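To keep things clear, I will list the structure first and then write my remarks on it.
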Amino acid sequence: MLKTGDRKITYSRWLTLTIFLIVVIAGTISELFQAPTITSHDLDRYIYLFDQHYFDGVDKLVIKNSLVNFTLETNQQGKWAMTDPRHLPVADEAILALFSTLKEVKIKRTLPYDSINLTSYNLTTNTSEITFSTKGESTSVKIGLINPIDDSCYIAVEERDAIYQTNNFSSKIDSIDLTTLVDARVFDVSPKELTGLAVRVNRYTRRFTFDGEWKENNQKVRDATSNLLDELFLLQCQTILDVFEPSAKTVIDEYLQNPPIVITIDGDSEKQLFLSNVVNQIPGIKIEKNQNILAKLVSGQLCLINRKRIQFIDNFRNI
């Protein structure tokens, strides 16, 4: 028979053991069911609308808004070009700027993807829409209401079945147009991508190389000549000619038959830029008389350039 003192000791031991077991069981349950720890990197996946590497493999874009409906694709060289409704070169910088802007978009809140919200946030008609494709798999982003009060925007991503309220864009991607995209450069390469360059003005030809600085006959060129060469790579088309009447082709061929200026890249006859004499008229194309020359770029693209923009090329014969 236990004495009173012994009973107290026994009860105390049982109570201590019971509390210990409760603590152990509670700790085990807590460990099993607690939310997983989210690292800073993982958290970014939920903060940003797009993963920071999402655009690395994109090879096709379809851009629609109230003004345009363009299809852009990468070619075999990895450069972007418009394929519909016209065939035009696209500035890679414009595409990179678009991707960079979208990478900055952060989610403020998520809303159900239903008809009420789509209508309320202007995501049903006359919206701007950008579709990204990677090896045939596509994601469409609709850009709806932009709220100037809190500088936010509403975006629908159909494939995710969600509408997001986000920060506004740092650039106007909801109103992209032709001038935003088209690569108007006469040369689509930089000097550092070349091994050589030949400039022929009438019958006078000079040959240059570039290895960080311009050289002629293995000698560094004078500053005045270097400036002329640098200026060549700043030339831009004024009007790109990609659609014209059949009768215009004959006139264009005549202008380019014996061009006064020919620039050859890397000693390759397949990589030549042709600049014509002053163009007065081309059937079906409005041209100011005595103001433009016709250019056939290395890519084969035709364009018009204001004659005053190329006058400096004559100086290759004098400097």
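The values are calculated or read from the model by the stated rules, or taken from the named source; none is laboratory data. All values derive from a computational prediction rather than experimental measurement. FYI the Cβ positions are ideal-geometry reconstructions off the backbone, even for glycines, and counts take in every protein chain you see.
Close contacts from region 44-57, counting a first residue that is part of a loop (DSSP other than H, G, I, E, B) and surrounded by fewer than 16 Cβ atoms within 10 Å (Cβ to Cβ) and a second that is modelled with pLDDT of 85 or more and among the charged types (D, E, K, R), with Cβ to Cβ under 6 Å and a gap of 6+ residues or different chains, come to Gln52/Lys103.
Which of the residues spanning region 220-243 are loosely packed, with under 14 Cβ neighbours inside 10 Å and among the aliphatic types (A, V, I, L, M)? Of everything in region 220-243, those that are loosely packed, with under 14 Cβ neighbours inside 10 Å and among the aliphatic types (A, V, I, L, M) turn out to be Ala224, Leu234, Val243.
With respect to being outside the structural domain of Val243 (by TED's automatic domain parsing), over 30 Å from Leu297 (Cβ atoms) and without any contact (Cβ under 8 Å) to a residue 60 or more places away in the chain, Gly136 fits the description. The strands (runs of 3 or more DSSP E) located wholly in region 188-227 that include 2 or more residues which are assigned by TED's automatic domain parsing to the domain that holds Phe274 and free of Cβ contacts under 8 Å to residues at least 60 places away in the same chain occupy 204-210, 214-216. Lys271 passes every criterion in (1) over 27 Å from Pro246 (Cβ atoms); (2) of a type outside the set (Phe, Trp, Tyr); (3) modelled with pLDDT of 90 or more apart from (3).
Looking only at region 156-173, count every residue that is in a strand (DSSP E or B) and more than 28 Å from Thr74 (Cα to Cα) and tell me the total.
Result for region 156-173: 6.
Of the residues making up region 87-108, those that are among the charged types (D, E, K, R) and either crowded, with 18+ Cβ neighbours inside 10 Å or touching a residue at least 60 places away in the same chain (Cβ under 8 Å) (or both) are Asp92, Glu104, Lys106.
Looking across region 209-235, the residues that are within 21 Å of Leu304 (Cβ to Cβ) and out of contact with any Pro (no Cβ under 7 Å at 6 or more places or on another chain) come down to Glu231, Leu232, Leu234, Leu235.
Can you tell me which residue among Lys289, Lys249 is in a loop (DSSP other than H, G, I, E, B), of a type in the set (D, E, K, R) and in the same structural domain as Thr209 (by TED's automatic domain parsing)?
Values: Lys249 fails: in a loop (DSSP other than H, G, I, E, B).
Testing whether each residue is in a loop (DSSP other than H, G, I, E, B), of a type in the set (D, E, K, R) and in the same structural domain as Thr209 (by TED's automatic domain parsing) leaves just Lys289.
Which pairs do you get when a residue that is under 19 Å from Ser152 (Cβ atoms), found in region 109-128, comes within reach of a residue that is assigned to a loop (DSSP other than H, G, I, E, B) and at pLDDT 90 or above, reach meaning Cβ atoms under 8 angstrom, with the pair 6+ apart or on two chains? Sorted first by the residue in region 109-128, then by its partner, the pairs are Leu111/Tyr121; Asn117/Leu123. The numbered conditions (1) loosely packed, with under 14 Cβ neighbours inside 10 Å; (2) under 30 Å from Thr239 (Cβ atoms) are all true for Ile173 except (1). Filter region 199-208 down to residues that are surrounded by fewer than 16 Cβ atoms within 10 Å (Cβ to Cβ) and in contact with a strand residue (DSSP E or B) (Cβ under 9 Å, 6 or more places away or on another chain) and give me whichever is nearest to Gln311 (Cα to Cα). Once the filter is applied, the top-ranked residue is Asn202.
With respect to the conditions (1) at pLDDT 85 or above; (2) under 24 Å from Met82 (Cβ atoms); (3) not small (Gly, Ala, Ser), Thr205 falls short on a single one, namely (2).
Name the one entry in Ile305, Ile261 that is modelled with pLDDT of 90 or more, of a type outside the set (S, T, N, Q), crowded, with 19+ Cβ neighbours inside 10 Å and touching a helix residue (DSSP H, G or I) at 6+ places or on another chain (Cβ under 7 Å). Don't jump to the end; show me each part of the working.
Numbers: Ile305 fails: touching a helix residue (DSSP H, G or I) at 6+ places or on another chain (Cβ under 7 Å).
Going through Ile305, Ile261 in turn, the sole match is Ile261.
Got a number for residues in region 266-278 being buried (at least 19 other Cβ atoms within 10 Å of the Cβ) and farther than 14 Å from Arg307 by Cβ? Quick ask: steps written out before the conclusion?
Taking region 266-278 and keeping what is buried (at least 19 other Cβ atoms within 10 Å of the Cβ), we get 273-276.
Filter again for farther than 14 Å from Arg307 by Cβ, leaving 273-274.
Looking only at that region, the number is 2.
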